[in-house]
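Note sheet for the following structure.
The values are calculated or read from the model by the stated rules, or taken from the named source; none is laboratory data. These numbers were taken from a predicted model, which means no experiment stands behind them. Note that we place each Cβ from the backbone using ideal geometry, even for glycine, and neighbour counts take in every protein chain shown. The area values use the complete protein model at the heavy-atom level, side chains included, leaving out ligands, DNA and RNA. Shrake-Rupley method; radii C 1.70, N 1.55, O 1.52, S 1.80 Å.
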Amino acid sequence: QVQLVESGGGLVQAGGSLRLSCAASGRTLSSYAMGWFRQAPGKERELVAAISSGGITYYVASVKGRFTISRDNARNTVYLQMNSLKPEDTAAYYCAARQVPNYRYTYYRHAYEYDYWGQGTQVTVSS
(Lines give C-alpha, C1' and ligand atoms only; values in the text may rest on other atoms or scores of the structure.)
Protein backbone atom coordinates (compact mmCIF):
# COMPACT_ATOMS: atom_id res chain seq x y z
CA GLN A 1 0.00 0.00 0.00
CA VAL A 2 1.07 3.54 -0.77
CA GLN A 3 -0.33 6.49 1.11
CA LEU A 4 -0.35 9.83 -0.70
CA VAL A 5 -0.84 13.21 0.96
CA GLU A 6 -1.20 16.40 -1.06
CA SER A 7 -0.35 19.84 0.24
CA GLY A 8 0.27 23.35 -1.05
CA GLY A 9 -3.17 24.37 -2.18
CA GLY A 10 -4.81 27.64 -1.27
CA LEU A 11 -6.32 30.85 -2.53
CA VAL A 12 -4.34 32.77 -5.12
CA GLN A 13 -5.00 35.67 -7.45
CA ALA A 14 -5.14 35.10 -11.20
CA GLY A 15 -1.65 35.18 -12.63
CA GLY A 16 -0.11 33.89 -9.44
CA SER A 17 1.68 30.66 -8.66
CA LEU A 18 1.39 27.68 -6.35
CA ARG A 19 3.44 24.55 -5.85
CA LEU A 20 1.60 21.39 -4.89
CA SER A 21 3.39 18.53 -3.19
CA CYS A 22 2.46 14.86 -3.01
CA ALA A 23 4.30 13.06 -0.25
CA ALA A 24 4.23 9.25 -0.26
CA SER A 25 4.68 6.78 2.54
CA GLY A 26 4.54 3.00 2.79
CA ARG A 27 6.53 2.40 -0.38
CA THR A 28 9.15 4.24 -2.38
CA LEU A 29 7.92 5.89 -5.56
CA SER A 30 10.88 5.05 -7.78
CA SER A 31 8.95 2.36 -9.67
CA TYR A 32 5.65 4.26 -9.81
CA ALA A 33 4.15 6.33 -12.56
CA MET A 34 2.49 9.40 -11.08
CA GLY A 35 -0.23 11.80 -12.08
CA TRP A 36 -1.94 14.97 -10.98
CA PHE A 37 -5.68 15.20 -11.53
CA ARG A 38 -8.20 17.89 -10.72
CA GLN A 39 -11.91 17.94 -10.15
CA ALA A 40 -14.15 21.00 -10.20
CA PRO A 41 -17.66 20.90 -8.71
CA GLY A 42 -20.07 19.03 -10.95
CA LYS A 43 -17.33 17.80 -13.28
CA GLU A 44 -15.42 14.57 -13.77
CA ARG A 45 -11.92 14.13 -12.45
CA GLU A 46 -9.50 14.97 -15.23
CA LEU A 47 -5.80 14.61 -15.81
CA VAL A 48 -3.60 17.67 -15.46
CA ALA A 49 -0.12 16.18 -15.79
CA ALA A 50 1.58 12.80 -15.66
CA ILE A 51 5.12 11.55 -15.21
CA SER A 52 6.59 8.11 -15.82
CA SER A 53 8.81 6.37 -13.31
CA GLY A 54 11.74 7.46 -15.47
CA GLY A 55 10.70 11.11 -15.59
CA ILE A 56 8.92 11.36 -18.95
CA THR A 57 6.16 13.97 -18.67
CA TYR A 58 2.80 14.70 -20.25
CA TYR A 59 0.51 17.74 -19.92
CA VAL A 60 -2.98 18.46 -21.09
CA ALA A 61 -3.16 21.33 -23.55
CA SER A 62 -4.86 23.70 -21.12
CA VAL A 63 -1.89 23.70 -18.72
CA LYS A 64 1.04 23.09 -21.05
CA GLY A 65 3.59 25.85 -20.65
CA ARG A 66 2.15 26.92 -17.30
CA PHE A 67 2.43 23.80 -15.12
CA THR A 68 5.41 21.56 -14.46
CA ILE A 69 5.29 18.09 -12.93
CA SER A 70 8.45 16.75 -11.35
CA ARG A 71 9.53 14.02 -8.99
CA ASP A 72 12.17 13.67 -6.32
CA ASN A 73 12.47 9.96 -5.65
CA ALA A 74 14.98 10.51 -2.85
CA ARG A 75 12.34 12.51 -0.96
CA ASN A 76 9.52 10.26 -2.15
CA THR A 77 7.64 13.32 -3.36
CA VAL A 78 6.00 14.50 -6.57
CA TYR A 79 5.41 18.18 -7.28
CA LEU A 80 3.17 20.25 -9.47
CA GLN A 81 4.44 23.78 -10.04
CA MET A 82 1.56 25.94 -11.25
CA ASN A 83 2.30 29.33 -12.79
CA SER A 84 0.10 31.91 -14.50
CA LEU A 85 -2.94 30.53 -12.75
CA LYS A 86 -6.37 31.19 -14.18
CA PRO A 87 -9.80 31.08 -12.52
CA GLU A 88 -10.61 27.98 -14.58
CA ASP A 89 -7.80 26.18 -12.76
CA THR A 90 -9.93 26.26 -9.61
CA ALA A 91 -10.49 22.68 -8.46
CA ALA A 92 -9.53 20.05 -5.94
CA TYR A 93 -6.20 18.61 -7.03
CA TYR A 94 -5.37 14.96 -6.48
CA CYS A 95 -2.16 13.00 -6.67
CA ALA A 96 -2.28 9.44 -8.03
CA ALA A 97 0.19 6.56 -8.33
CA ARG A 98 0.48 3.36 -10.35
CA GLN A 99 3.18 0.76 -9.83
CA VAL A 100 5.00 0.06 -13.10
CA PRO A 101 8.28 -1.65 -12.17
CA ASN A 102 9.31 -2.46 -15.75
CA TYR A 103 8.04 0.55 -17.68
CA ARG A 104 10.23 3.57 -17.00
CA TYR A 105 9.05 5.47 -20.07
CA THR A 106 5.29 5.03 -19.74
CA TYR A 107 2.90 7.58 -18.31
CA TYR A 108 -0.85 7.17 -17.85
CA ARG A 109 -3.54 9.65 -18.79
CA HIS A 110 -6.73 8.16 -17.34
CA ALA A 111 -7.95 8.00 -13.77
CA TYR A 112 -8.88 4.31 -14.02
CA GLU A 113 -5.26 3.41 -14.73
CA TYR A 114 -4.10 4.52 -11.27
CA ASP A 115 -4.11 2.40 -8.13
CA TYR A 116 -3.58 4.88 -5.29
CA TRP A 117 -4.98 8.34 -4.60
CA GLY A 118 -4.47 11.15 -2.18
CA GLN A 119 -7.31 13.01 -0.49
CA GLY A 120 -6.84 16.19 -2.48
CA THR A 121 -5.89 19.79 -1.88
CA GLN A 122 -8.06 22.72 -2.89
CA VAL A 123 -6.81 25.35 -5.32
CA THR A 124 -8.91 28.47 -5.74
CA VAL A 125 -7.93 31.17 -8.22
CA SER A 126 -9.68 34.51 -7.96
CA SER A 127 -10.22 36.80 -10.93
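For residue 108, the residues 5 or more places off, or on other chains, whose built amide H falls under 5 Å of its own are 51. Given +1 at the Cβ of Lys and Arg, -1 at the Cβ of Asp and Glu and no other charges, the dipole of the chain around its Cα centre is 220 debye to the nearest 20. Label-to-label distance, residue 74 versus residue 119, with points set 7 angstrom from Cα along the beta-carbon direction: 3.0 nm. Sites listed here are chymotrypsin sites (Phe, Trp or Tyr not before Pro) in segment 13-121 whose DSSP assignment is loop and whose Cβ has at most 16 other Cβ atoms within 10 Å: 103, 105. Kirkwood-type hydrodynamic radius, the chain: 14.3 Å, calculated from all non-identical alpha-carbon pairs. Net charge in the neighbourhood of residue 81 (other residues with Cβ under 11 Å of its Cβ; Lys, Arg +1, Asp, Glu -1) is +2.
Modelled spin-label separation between residue 3 and residue 81, with each label point placed 7 Å from Cα along the Cα-to-Cβ direction: 3.0 nm. With a probe of 1.4 Å, find how much accessible area the chain has per residue, and write the answer as a whole number in Å². I get 52 Å² per residue for the chain.
Within segment 25-127, the GluC sites (Glu not before Pro) that combine a DSSP coil assignment with at most 10 other C-beta atoms in a 10 angstrom radius are 44. Exposed loop sites are taken as trypsin sites (Lys or Arg not before Pro) in a DSSP loop (any state but H, G, I, E or B) with at most 14 other beta carbon atoms within 10 Å; the longest stretch of the chain without one runs 1-42.
Of the solvent-accessible surface of the chain, computed with a 1.4 Å probe over protein heavy atoms with every protein chain present, carbon and sulfur atoms account for 45 percent.
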